[in-house]
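The values are calculated or read from the model by the stated rules, or taken from the named source; none is laboratory data. Being a predicted model, the structure only gives us computed values, none of them experimental. So basically every Cβ, Gly included, is an ideal-geometry build from the backbone, and we count neighbours across all protein chains shown. Only protein heavy atoms, including side chains, enter the accessible area calculation; ligands, DNA and RNA are left aside. Shrake-Rupley method; radii C 1.70, N 1.55, O 1.52, S 1.80 Å.
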Amino acid sequence: MTGPPRKIIHVDMDAFYASVEQRDDPRLRGRPVAVAWGGKRSVVLTASYEARPFGVRSAMPLYRALERCPGLVVVEPRFGAYREVSAQVREVFRGYTPLVEPLSLDEAYLDVTAPLRGGPSATRIAGAIRAEIHAATGLTATAGVSVNKFLAKLASGMNKPDGLTVLLPAQAHALLASLPTSAFHGIGPATAAKLAAHGIHTGADLRRTPPAHLAAWFGRVGEHFARIARGQDDRPVEPDRPPVSVGSEETYADDLRGPEAVRAALPPLARAVEERLTRAGLA
């Protein structure tokens, strides 16, 4: 990367769906809440911070969450409400920079290297954004500030909820060396297990491994692993990032057993994908 360092902010709303529900229903405030559809195969979409000490986490099967937290209040999602709040949050972002890359309804990257307002300090801009979000929505957000997307996202996960963390490259070097590979954004449990099979357990291990070996084992993403182990990430914030996939999925109350049951379930999913492609003008 040439030129002056970028100023990147990663903003992540705190327990977003659950926080919206607690805001809109005072009876839920201070109580352990999980947002999930009913049914034995449902998974937790978001858990409130009151539920997390019990071990309730996003993507956990609902039955397991109820086992861990018998007093858990389960609320069905209201995506219309979440989209409305998300639009308010993005309006705050656009007041500071046109370079906003949403990752989902509740998080985004912002490039404030040349902000529309707020002055030259990315840290002050991040603080102002968090304050405006709270004033507009009544909800809290956590922000991470650094020189690239990877470090900004890492920083935002260090002081949740309602936090603001600045991670400078000089600080990142030692931190990355000490982290387990599973703490690196983009390295999930399966990839962490594959890295472990090669004797790579921490950022320091990853940094010591020749990039050519990582590329041979993991392809292009292996080259990315070598860079982020050193805190390097030259990906720009892309406000108009095109979709790279369109899909459809369904969670069934009972397992589909055997090839015929699976084949019978595929046509409705394929039709749903076709309808989404058509609406988007894609082929």
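Across the chain, Cα pairs under 8 Å and at least six residues apart give a relative contact order of 17 percent.
Computed on segment 71-205, with alpha-carbon pairs under 8 angstrom and 6+ residues apart, the relative contact order is 14 percent. Ordered from largest to smallest accessible area (heavy atoms of protein chains, 1.4 Å probe), the residues 58, 48, 248 come out as 58, 248, 48. Quick one: Debye curve from the alpha-carbon atoms of segment 153-194 only, equal weights, vacuum; give me log10 I(q)/I(0) at q = 0.33 Å⁻¹ to two decimals. Cα-only, vacuum Debye calculation for segment 153-194: -1.12. For segment 28-74, the gyration tensor built on C-alpha atoms gives a prolate shape. Its axis ratio a/c (a ≥ b ≥ c) is at least 1.5, and a/b is the larger of a/b and b/c. Amide H contacts of residue 108: 11, 103, each under 5 Å away and 5 or more positions distant or on a separate chain (H built 1.01 Å from N in the peptide plane; Pro and chain starts excluded).
For residue 149, list the lysines whose Cα falls under 30 Å from its own Cα; do not include residues on the same chain fewer than 8 positions away. Here the lysines satisfying the reach criterion relative to residue 149 are 7, 160, 194.
For residue 69, no residue has an amide H sitting under 5 Å from its own, ignoring neighbours fewer than 5 places away on the same chain, with H placed 1.01 Å from N.
All distinct Cα pairs of segment 151-223 go into the 1/r average, and the inverse of that average, the Kirkwood radius, is 13.1 Å.
So how far, in whole Å, is the C-alpha centre of segment 100-175 from the one of segment 44-98? Segment 100-175 and segment 44-98 have Cα centres spaced 20 Å from each other.
Enter the mean projected area of the convex hull around the alpha-carbon atoms of segment 1-117, in nm², rounded to one decimal. Intermediate results must be reported in sequence, preceding the final value.
Working: hull surface 36.7 nm².
Convex hull of Cα atoms, orientation-averaged projection: 9.2 nm².
For the chain, the residue among 134, 156, 268 whose Cα projects farthest onto the positive side of the dipole built from Cβ charges is 156. In this structure, residue 246 and residue 216 have a Cβ-Cβ separation that, at R0 = 35 Å, corresponds to a calculated FRET efficiency of about 0.65. Partners of residue 40 within straight-line reach, counting aspartates and glutamates whose Cα lies under 18 Å from its Cα and excluding those fewer than 8 residues away in the same chain: 67, 76, 249, 250, 254, 255. A cut-off of 5 Å between modelled amide H atoms, ignoring neighbours fewer than 5 places along the same chain, links residue 46 with 35. Note on the chain: helix-only mean residue ellipticity at 222 nm, from DSSP H runs of 4+ residues weighted -39500 (n - 2.57) and normalised by residue number, equals -13000 deg cm²/dmol.
Quick one: if the Förster radius is 35 Å, what FRET efficiency do residue 198 and residue 123 give, using the C-beta to C-beta distance and rounding to 0.05?
Values: r = 38 Å, r/R0 = 1.08.
Efficiency, rounded to the nearest 0.05: 0.40.
Sorted into 5 angstrom bins from 0, the C-alpha pair distances of the chain split as 1, 5, 10, 12, 14, 15, 16, 14, 9, 3, 1, 0, 0 percent.
Placing dummy labels 7 Å off each Cα toward the beta-carbon, the span from residue 178 to residue 57 is 2.1 nm.
Derived scalar couplings between HN and Hα for segment 164-173 equal 9, 10, 9, 10, 8, x, 5, 6, 5, 4 Hz in order, rounded to whole Hz, by the Karplus curve 6.51 cos²θ - 1.76 cosθ + 1.60 (θ = phi - 60°), x for Gly and Pro. Between residue 190 and residue 255, the distance separating the two model label sites (each 7 Å from Cα on the Cα→Cβ line) works out to 1.9 nm. Spatial offset of segment 209-283 relative to segment 185-201 amounts to 19 Å, using the alpha carbon center of each. Each peptide among 120-132, 138-150 gets the average number of other Cβ atoms lying within 10 Å of its residues, and from highest to lowest they stand as 138-150, 120-132. Using the Kirkwood formula over every pair of different C-alpha atoms, what hydrodynamic radius in Å results for segment 186-283? One decimal place: 17.3 Å for the Kirkwood radius.
Using the beta-carbon distance between residue 159 and residue 94 and R0 = 22 Å, what value does 1/(1 + (r/R0)^6) give for FRET efficiency, to the nearest 0.05?
Working: r = 25 Å, r/R0 = 1.14.
The formula returns an efficiency of 0.30 here.
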